[in-house]
1. Give me a count of the residues in the stretch 7-29 that are crowded, with 24+ Cβ neighbours inside 10 Å and touching a helix residue (DSSP H, G or I) at 6+ places or on another chain (Cβ under 8 Å).
2. Go through the stretch 142-167 residue by residue and tally those that are surrounded by fewer than 22 Cβ atoms within 10 Å (Cβ to Cβ) and more than 17 Å from the chain's Cα centre (by Cα).
3. Of these, 200, 204, 234, 229, which one is closer than 29 Å to residue 92 by Cα and either surrounded by 17 or more Cβ atoms within 10 Å (Cβ to Cβ) or without any contact (Cβ under 8 Å) to a residue 24 or more places away in the chain (or both)?
4. Checking residue 52 against (1) part of a loop (DSSP other than H, G, I, E, B); (2) over 20 Å from residue 240 (Cβ atoms), only one condition comes out false. Which one?
5. Among the listed residues 28, 35, which satisfies the condition of being assigned by TED's automatic domain parsing to the domain that holds residue 155 and at pLDDT 95 or above?
6. Considering only residues that are within 20 Å of the chain's Cα centre (by Cα) and crowded, with 20+ Cβ neighbours inside 10 Å, look in the stretch 124-141 and name the one that is farthest from residue 52 (Cα to Cα).
7. Residue 56: in contact (Cβ under 8 Å) with a residue 24 or more places away in the chain and assigned by TED's automatic domain parsing to the domain that holds residue 378, yes or no?
8. State yes or no: is residue 355 in a loop (DSSP other than H, G, I, E, B) and crowded, with 22+ Cβ neighbours inside 10 Å?
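The values are calculated or read from the model by the stated rules, or taken from the named source; none is laboratory data. Please read these numbers as outputs of a predicted model, since none were measured by experiment. Don't worry about glycine lacking a Cβ; one is built from the backbone with ideal geometry, like all the others, and counts go over all protein chains shown.
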């Protein structure tokens, strides 16, 4: 049976970053992913890096360190993660008050500045000025999701790490210790196993007899092919619903429902937004649906229409653009901070999941995780551990 220092499960951003950082510390690492081209939350992410938004010392530190890691990652691997700075426009609906929405961001390290609809259109000419009462604006980081994972994967393999495409069917548990993983054709042993499988993390760890408070939403969006039009900024609503419904979906009244698949905890919520990737593709909107079923049948036609109805008043130029409805699951935690570190009451098992702002937090958090793995201390990892819950 092949044996490694670490097995990392999942090759989204979390698993890709963690496996690379562990290998960078001289550890032997196997990264397992169920699909060669996984259609996961990383694949369909906006890639936003909200480095301005830290409201605590921990978040501020992670955001700052992540920006540094993007620059270093390019130098270390020779592959650019496509990091850049964009103007973020948080749009304010006509019946909303810009100053009141701006106050919600008052604790951010760099609070967004309220501007008029005219000023917003000067920043983003595709915006319809009559569709908004104004906007909040701030500089916002952006990384290319595919490029980031590719850089981490190439870096891992250059350091001797292995990537195997195979679904993990279970964790091997012997007494109070997790000793490896199984796939349909092979078992792999490791000193430590880190599950960084996004929404699948909860069920995979639970199958080993350990409940973990990682939750998930079902997200819908539209992805276009490369387009000739140019979107200069990242568009998002100032009254963002996703973070609010994540918090409400894990309180005492709903937490027990997560052990019973098929409960719709919150009705679907639409956040009309848009970002253009470096190759010209657009990612449009996000419908967030919180249902405890891991596999959920969604109406693609209905979802696409709702997404288009949400964005075209803001960006009329997008009314007839070609695009394909996509869906994925998005992991989150109870309190907006990820879960990173050893699983309680079982040795050898770790979780690295539940990042609400993955492209802003994962690169730095993976470094701290790997440093603790070789015996160093980290106040960041203590803050992200299960002990806080």
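1. Total satisfying the criteria: 16.
2. Final tally of qualifying residues: 12.
3. 234
4. (2)
5. Being assigned by TED's automatic domain parsing to the domain that holds residue 155 and at pLDDT 95 or above holds for just one of 28, 35, which is 28.
6. Across the stretch 124-141, the extreme among qualifying residues is 141.
7. No.
8. For residue 355, the condition - in a loop (DSSP other than H, G, I, E, B) and crowded, with 22+ Cβ neighbours inside 10 Å - is met.
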